[in-house]
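Written below as structure tokens is the structure these notes are about.
The values are calculated or read from the model by the stated rules, or taken from the named source; none is laboratory data. The structure presented is a predicted model; accordingly, all values stated were derived computationally and were not measured. Every residue, glycine as well, gets a Cβ built from its backbone with ideal geometry; the counts of neighbours run over all protein chains shown.
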Amino acid sequence: MTSFNMKIESVFKDNLDDAAPSLKFTTVWQQHQKTGKNRFSFKKMVAVPVAALVSLVVLLMVGFSFAAIKDKTDYPFVNDTSVIGLWESVDLLDQPGQFVPGKNHSEDPLFLKQLVFYKDGGMLMAVNKGNAKLSPTQYTWTKGMVLDKQAKTNSKYDIKEINGTTYMFFEWKCGDYTYFHMEPPYFVLKKVNDKDYSDYQMTAKSDKIDYPFVNDPQLLGSWKSVDFVPAIEEFKPGTKLTPGELFLTRFDIAENGKIGGMTSQKEIPDDLLTWTKGLIIEKKGKVASKYEIKEIDGDTYLFYEWKNGNYIYSGMQPDYYVLKKVK
């Protein structure tokens, strides 16, 4: 049996033995389809659905599910001058010891293209989607670690000099780690420069935002987030495509274009957003996000374009928050 198949077998066995699960397998598998495809080669991608299909049947029969991993992320900032600068991905490995300079183990284009570490814990990222330019990310760093406080992951990095070149070995904690409890692979990145990108000027996409106010009585009221989906048609009431806590949690929409609400971190300022029929507008960020309201199985849902940094800086199509009207 290959090491990959042994890893799959171990993951399923460990989680079937877990007697206190908190996340349904169907949810995990949907998330794995979104994140895992950025990791595996074609041959491995063929093997995964077969193993998953068998395991899904077993899991449904016995009623077990996976518990999501949450790493400690509340670390103080400790400086590391050696990490400052631009790094470019050159390989993706199961273990750092597999790295051979000049040899690429990954058969597919690397999902992570570039990382930038700048002073005081700031980071930028470029991925092989959209126009693949550096853009803001939720990641922050402290010495030896990259932290994602939204996804609750703490990824180690290790810097080594090999044949006169500086490399970083960076744990890639995607959905395979969080929901499947698999050991994270490692991106290998080569250092490009030691520049501090604190003042890096990114080319931002902006929308037309000077629209007159048009009333929409359907939009008024309170809405609670229930899912986050790549496209409207992928939403299915009663299931959750994106597991875990959602960043946008609530909208409170009032007359004359007023919007309040909450994120998982804080209250939305009253002056941040405004609305007119068909659009929710952020004037400071110069984005106009479309919304649609749909009646599904007796409930009212709001589908709201999420135009974050992926849209503004990388030209990617926005995903959608799905919010259910509070009766």
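Listing for the model above:
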| read-out | value |
| --- | --- |
| Whichever residue in segment 302-327 is charged (D, E, K, R) and in contact (Cβ under 8 Å) with a residue 12 or more places away in the chain and, among such residues, is surrounded by the fewest Cβ atoms within 10 Å (Cβ to Cβ) | Lys324 |
| Answer from Ser155, Ser135, Ser106 - the residue that is crowded, with 17+ Cβ neighbours inside 10 Å and at pLDDT 95 or above | Ser155 |
| Residue check for Asp176: of a type in the set (Asp, Glu), surrounded by 15 or more Cβ atoms within 10 Å (Cβ to Cβ) and in contact (Cβ under 8 Å) with a residue 40 or more places away in the chain | yes |
| Matching residues in segment 188-218 - criterion: being farther than 17 Å from Thr137 by Cα, surrounded by 13 or more Cβ atoms within 10 Å (Cβ to Cβ) and within 26 Å of the chain's Cα centre (by Cα) | Val188, Leu189, Lys190, Lys191, Val192, Asp207 |
| Residue in segment 191-206 that is modelled with pLDDT of 95 or more, within 22 Å of Lys72 (Cα to Cα) and touching an Asp or Glu at 6+ places or on another chain (Cβ under 7 Å) present | no |
| Residue ID - modelled with the lowest pLDDT, chosen from residues in segment 55-68 that are in contact with a strand residue (DSSP E or B) (Cβ under 8 Å, 6 or more places away or on another chain) and not in a strand (DSSP E or B) | Ser65 |
| Count - residues of segment 163-188 that are in contact with a helix residue (DSSP H, G or I) (Cβ under 7 Å, 6 or more places away or on another chain), in a loop (DSSP other than H, G, I, E, B) and under 22 Å from Gly121 (Cβ atoms) | 2 |
| Qualifying residue in segment 168-185 (condition: among the β-branched types (Val, Ile, Thr) and at pLDDT 95 or above) | no |
| Evaluation of Phe77 against (1) closer than 27 Å to Lys149 by Cβ; (2) touching a helix residue (DSSP H, G or I) at 6+ places or on another chain (Cβ under 8 Å); (3) modelled with pLDDT under 95 (one fails), failing number | (3) |
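To keep it simple, each residue is scored yes or no on (1) more than 22 Å from Val287 (Cβ to Cβ); (2) part of a loop (DSSP other than H, G, I, E, B).
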| site | (1), (2) |
| --- | --- |
| Lys190 | yes, no |
| Thr203 | no, yes |
| Phe213 | no, yes |
| Thr239 | yes, yes |
